[in-house]
Amino acid sequence: MASCVEELHFSHIHIPVTIDQMIPVLPAGPIPAVHGSRLYLSNLDNMIGARVFTPTVYFYKSNYMSSNRKPVTKTLCDALSRVLVPYYPLSGRLREASNGKLEVFFGQEQGALMVEAHSDMGLAELGDLAVPNPTWAPLNYRFPNEEPYKVLDMPLIIAQVTLFACGGFSLGLRLCHCICDGIGAMQFLAAWAATAKTGTLVTNPEPCWDREFFQPRNPPTIKYRHPEFMRIEEGSSLTMSLWKSKPVQKCYKVSQQFQAQLKSLAQPNDMLGCSTFDAMAAHVWRSWVKALDVKPVDCELRLTFSVNARPKLKNPPLKQGFYGNVVCVACGTSPVNNLIKGSLSETSRLVREARLSISEEYVRSTVDYMEIDRPNRLEFGGKLSITQWTRFSLYESADFGWGRPSYAGPIDLTPTPQVCVFLPDGSAECSGATVVCICLPDSATHKFTEFFLCLKDLISNDESE
């Protein structure tokens, strides 16, 4: 089965990029906000994990240029300007209100930022455009001396077009997570792309702001423990081993066949079964803990992952076109020893239970928890977080008129080494494969690869039960 998992490598290169111009992009028409206007952001938008910019990059090869000679930067700027009318909150700025929460404010500084740049390299020199590559960082604009995690008084959309010598180009995009979650970001991106492709404003569905939908109850009512937010005093060797040296990013292309067999092996001994995500997440978590040789073995570890709560909201339902944050953090816990010596099916059951625990009431309880005790820093203690980008229409949403991107996705996972990302396979054959990207200390990479690729031990364990 190892042949069904291919380790993917990326080139360690230097990309020389010259910034040519900085273009403020304002809404092309009137918007329902004036100087001094403010917009409410929900407690889900205010989560500490959302107070970041999400950097992505999209590559377009030169063969698409022959059929469409539209100037890239002007086309993207014109379309963005049109889209910023219905998506006008993205033309504002974030500021902190007196209660410590963030809000969107409309003042002197307005609009998105478009940066035009060029490189003397050709796209072919960048190597295989199949997996995130930390050396692509120059393709996403950062302000000089920009502080990490800075979101206040920043453009909420920062886009960089880099024109390559071959005629291809990249679009580096930084979108503020406080304004939209992954599904909301894809909705905005699809509107921008369709508007650029057709030359006329396209919004389907119509965007809906309505952040007041997630107002906390009065009084706030917390009905769950919410282990995803608990402050954990690090009792294991895990965090220190991950942060004491620069982590290495490893990526694996996992075939549909491997995922199917893994799912079969991961089925809990009950009638409920498990999903492919449950099986993959359980297998990654166990392989990660084994490779890191976490001590002591009785220490409790956490696996967290975001769950799209839109389908859970029935009373009342969320309006179509809502593009704010509608994610809850699911959390599974297990002692180290159970992850090392227990079965895959036991771990997949923990993941399934965490996933299914996200209900409409859990969403409301999360909102109320954040009202009373909003965490002000990210908690890394004993935790692996999995982000599932396979549910996003990354490639389908990003045809601006130059065809499907040859790569669409994140750039670098290493700033947060306790994160694993599941990405859609961007190859043209659309094989149903998943690309798994994870960060590890260099000393643990060989062991992780060995554990992750080998299903033989899982089969023997399953048969012995």
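The values are calculated or read from the model by the stated rules, or taken from the named source; none is laboratory data. None of these values were measured; they are calculated from a predicted model. Don't worry about glycine lacking a Cβ; one is built from the backbone with ideal geometry, like all the others, and counts go over all protein chains shown. Keep in mind that these areas ignore ligands, DNA and RNA; they rest on the heavy atoms of the full protein, side chains included. Shrake-Rupley method; radii C 1.70, N 1.55, O 1.52, S 1.80 Å.
Here are some notes:
- Cβ-Cβ under 8 Å pairs, at least 6 apart or on other chains, segment 200-216 side in contact (Cβ under 8 Å) with a residue 60 or more places away in the chain and within 18 Å of ARG364 (Cα to Cα), far side charged (D, E, K, R) and part of a helix (DSSP H, G or I): PRO216/ASP368; PRO216/GLU371
- Inter-residue pairs, beta-carbon under 7 Å, first among the small types (Gly, Ala, Ser) and in segment 406-417, second open to solvent by 20 Å² or more (accessible area, probe 1.4 Å) and not in a loop (DSSP other than H, G, I, E, B), 6+ apart: GLY409/TRP389
- Consider segment 149-174 and keep the residues that are crowded, with 17+ Cβ neighbours inside 10 Å and in a loop (DSSP other than H, G, I, E, B). The one that is farthest from the chain's Cα centre (by Cα) is GLY168.
- Within the set LEU102, LEU113, LEU90, LEU139, the sole residue that is touching an Asp or Glu at 6+ places or on another chain (Cβ under 8 Å) and modelled with pLDDT of 95 or more turns out to be LEU102.
- The residue of segment 1-50 that is surrounded by the most Cβ atoms within 10 Å (Cβ to Cβ), among those that are in contact with a His (Cβ under 7 Å, 6 or more places away or on another chain) and part of a strand (DSSP E or B), is ASP20.
- Test: residue in segment 331-342 that is touching a Gly at 6+ places or on another chain (Cβ under 7 Å), modelled with pLDDT of 95 or more, part of a helix (DSSP H, G or I) and not polar (S, T, N, Q): no
- Of all residues in segment 185-197, at least one satisfies being assigned to a helix (DSSP H, G or I), touching a strand residue (DSSP E or B) at 6+ places or on another chain (Cβ under 6 Å) and either open to solvent by 30 Å² or more (accessible area, probe 1.4 Å) or small (Gly, Ala, Ser) (or both).
- Restricting SER365, SER393, SER406, SER385 to those that are touching a Phe, Trp or Tyr at 6+ places or on another chain (Cβ under 6 Å) and open to solvent by 10 Å² or more (accessible area, probe 1.4 Å) reduces the list to SER406.
- Scanning segment 270-306 for residues that are in contact with a Lys or Arg (Cβ under 9 Å, 6 or more places away or on another chain) and of a type in the set (Lys, Arg) returns LYS290, ARG302.
- Some residue of segment 392-401 being under 21 Å from TRP285 (Cα atoms) and without any contact (Cβ under 8 Å) to a residue 40 or more places away in the chain: no
- THR414, sole failed condition from (1) surrounded by fewer than 20 Cβ atoms within 10 Å (Cβ to Cβ); (2) assigned to a helix (DSSP H, G or I); (3) of a type in the set (Val, Ile, Thr): (2)
- For segment 369-427, the candidate set comprises residues that are acidic (Asp, Glu), modelled with pLDDT under 95 and more than 24 Å from ALA137 (Cβ to Cβ); within that set, the residue that is farthest from the chain's Cα centre (by Cα) is ASP373.
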